[in-house]
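Data block below; observations after.
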Amino acid sequence: MEIAENAALVVVDVQKGFEEEEFWGTRNNPEADDNIASLIDVWQATGRPVVFVRHDSSKPESPLRPGYEGNGFKEYVEERRGKGAGAELLVTKTVNSAFYGTPDLDAWFKAEGITQFVVAGIQTNMCAETTARMGGNLGYEVVFALDATYTFDLAGPFGWRRAAEELAQATAVSLHGGGFAQVVTAEMVRGAAAR
């Protein structure tokens, strides 16, 4: 795997509101936050561009709603913002895809000559996956750092319920097997980016 010299790291919705387990339920992958932090560090140290994405939920009960403490980035993300040698962008959105946010991510990537990006963040099967899928549809080379994401148990139709880890694996299979993205580990990304 190769990571381009100008590949962007897209850090999706790493916000304090996701710490509210009573709202979201049981999460998977406790190592995700360390892996996300390490990817930001590598990107900033190598001067690559970092995009921080924030979900401004329009739902009044959401821990991610604007004006509520949970809307803010987790401390380890907030303290890294503005520290890199490369370009940095803040995108805010109200839907799953970072490509439907403000400012326009696709336009920014094109202006910066970026054709490859790495996805990390929350939730694996929601905003991270949707951003990866849409990036693939738009013609970008998408790398999905699976263990730098996490999600929560979820109920669906027909009385079906899936554990967070099952959902993460389903995302990985759909993205990788469906050709939307190359699904890898954070360690693989760090190794390729450090070369």
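The values are calculated or read from the model by the stated rules, or taken from the named source; none is laboratory data. Values in this document were obtained by computation on a predicted structure and should not be read as measured data. No Cβ is skipped: glycine too gets one built from the backbone with ideal geometry, and neighbour counts run over all protein chains shown. Ligands, DNA and RNA are excluded from the accessible area calculation, which covers all protein heavy atoms including side chains. Shrake-Rupley method; radii C 1.70, N 1.55, O 1.52, S 1.80 Å.
Remark: spin-label model distance residue 79-residue 194 equals 2.1 nm, labels positioned 7 Å along the Cα→Cβ axis. Ranking of 73, 180 by solvent-accessible surface, largest first: 180, 73 (1.4 Å probe, protein heavy atoms only, all chains present). Figure legend: label point modelled 7 angstrom from the Cα of residue 21 along Cα→Cβ; residues of segment 131-158 with amide N under 19 Å from it are 149-155.
The mean sequence separation of alpha-carbon pairs under 8 Å and at least six residues apart, normalised by the residue count of segment 138-188, gives a relative contact order of 47 percent. Take the Cβ atoms of residue 104 and residue 56, set R0 to 22 Å, and the FRET efficiency comes out at 0.85. Estimated purely from DSSP H runs of n ≥ 4, each contributing -39500 (n - 2.57), the mean residue ellipticity at 222 nm for the chain is -9000 deg cm²/dmol once divided by its residues.
Along segment 71-81 the Karplus relation, 6.51 cos²θ - 1.76 cosθ + 1.60 evaluated at θ = phi - 60°, assigns HN-Hα couplings of 5, x, 5, 4, 3, 5, 7, 4, 6, 8, 4 Hz to successive residues, with x for each Gly and Pro. Ligands, DNA and RNA left out, the accessible area of the chain computed with a 1.4 Å probe is 51% carbon and sulfur.
Under a cut-off of 28 Å between alpha-carbon atoms, report the lysines in cross-link reach of residue 74, not counting same-chain residues fewer than 8 places apart. Result set, ordered by chain and number: 16, 59, 83, 93.
Per residue, the chain exposes an accessible area of 46 Å² to a 1.4 Å probe, with every protein chain left in place. Accessible-area rank, largest first, for 75, 129: 75, 129, with all protein chains present and a 1.4 angstrom probe. Between amide H atoms placed 1.01 Å from N, distances below 5 Å from residue 118 occur with 8, 9, 10, 143, all of them 5 or more places distant or on a separate chain.
So how strong a dipole does the chain carry about its Cα centre when Lys and Arg Cβ are +1 and Asp and Glu Cβ are -1, to the nearest 20 debye?
420
If you plug the beta carbon distance of residue 187 and residue 161 into 1/(1 + (r/R0)^6) with R0 = 41 Å, you get a FRET efficiency near 0.85.
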